[in-house]
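Right, one structure below, let's go through it.
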Amino acid sequence: MIVNAGLTSSLNWLFGAAFGFLYAPLVITGLHHMTNAIDLQLIADFNATNLWPMIALSNIAQGSAVLAIIYAHKGDKKEEQVSIPATISCYLGVTEPAMFGINLKYVYPFIAAMIGSSIAGCYITFMGVTARSIGVGGLPGIISINHGYIHFFIGMLITIIVPFMLTLVFRKYNVFNKIDPIEEKVN
């Protein structure tokens, strides 16, 4: 009930932004599995869940950050062996390979994805996007949407563009003062 109160209050956009930002760290700890129980209870009580669409978008955001790493490190075969399959798995709903194999290694893609997910979570929550069930996250997550297809699609665009661009900007300006291992080899 507390989650539903946050998602249906006048500050639902703030709840959506916070959840969108904090979902990826929940995945690191394994606590993201608790959201299934919350989603199922929301579906049982209200015939829809506002939480699942944000989870699907968080998957896309992590994949888009890795896509930016692929772009930034194009030609590095060793990096591509990890990052290309990780991007595909994110876009199909499994973020762990991308998060542990790429995004946390560099840090800035992880933060960029969290920001993109937060913006999208804020938007779709404000627009009232709901899902009829839980299921596959990532791009196929649109199958579960029962209200707000267009807004979910806009959320998908946000989670593709924002993390991609932020990852490149963070890398260029060394925002988190972490040496990029690829750049370290060059120097």
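The values are calculated or read from the model by the stated rules, or taken from the named source; none is laboratory data. These numbers come from a predicted model, not from an experiment. Note that each Cβ is placed from the backbone with ideal geometry, even for glycine, and that neighbours are counted across all protein chains shown.
A few notes on this one:
- Any hit, the range 94-102, residues being in a helix (DSSP H, G or I) and in contact with a Lys or Arg (Cβ under 7 Å, 6 or more places away or on another chain): no
- Output for the range 103-130, where each listed residue is in a loop (DSSP other than H, G, I, E, B) and within 30 Å of ASN4 (Cβ to Cβ): MET127, GLY128, VAL129
- Looking across the range 1-19, just one residue is surrounded by fewer than 17 Cβ atoms within 10 Å (Cβ to Cβ), of a type in the set (Val, Ile, Thr) and within 21 Å of GLY148 (Cβ to Cβ), and that is THR8.
- Of the residues making up the range 61-80, those that are touching a residue at least 60 places away in the same chain (Cβ under 8 Å) and surrounded by fewer than 14 Cβ atoms within 10 Å (Cβ to Cβ) number 1.
- In the range 42-60, residue surrounded by the most Cβ atoms within 10 Å (Cβ to Cβ) [restricted to those that are in contact with a Lys or Arg (Cβ under 8 Å, 6 or more places away or on another chain) and over 19 Å from TRP13 (Cα atoms)]: ILE43
- Among the residues examined, VAL129 does not qualify as farther than 12 Å from THR159 by Cα and surrounded by fewer than 23 Cβ atoms within 10 Å (Cβ to Cβ).
- Among the residues of the range 20-41, at least one is among the aromatic types (Phe, Trp, Tyr), surrounded by 24 or more Cβ atoms within 10 Å (Cβ to Cβ) and either in contact (Cβ under 8 Å) with a residue 12 or more places away in the chain or over 19 Å from PHE170 (Cα atoms) (or both).
- When the range 83-115 is filtered for residues that are under 18 Å from ILE158 (Cβ atoms) and hydroxyl-bearing (Ser, Thr, Tyr), the ones remaining, listed by number, are THR87, TYR91, THR95.
- Residue within the range 76-92 that is at pLDDT 95 or above and not in a helix (DSSP H, G or I) present: yes
- Enumeration of residues in the range 80-101 that are within 13 Å of ALA61 (Cα to Cα) and not small (Gly, Ala, Ser): THR87, ILE88, CYS90, TYR91, LEU92, VAL94, THR95, GLU96, MET99
- For the range 144-175, filtered to residues that are within 14 Å of LEU57 (Cβ to Cβ) and without any contact (Cβ under 8 Å) to a residue 12 or more places away in the chain, the residue that is farthest from the chain's Cα centre (by Cα) is TYR149.
- Selected residue (only one of ILE70, ILE154 is more than 30 Å from SER10 (Cβ to Cβ), at pLDDT 95 or above and either part of a loop (DSSP other than H, G, I, E, B) or β-branched (Val, Ile, Thr) (or both)): ILE70
- Residue in the range 132-166 that is surrounded by the most Cβ atoms within 10 Å (Cβ to Cβ), counting only those that are of a type in the set (Val, Ile, Thr), over 16 Å from ALA48 (Cα atoms) and in contact with a helix residue (DSSP H, G or I) (Cβ under 6 Å, 6 or more places away or on another chain): THR159
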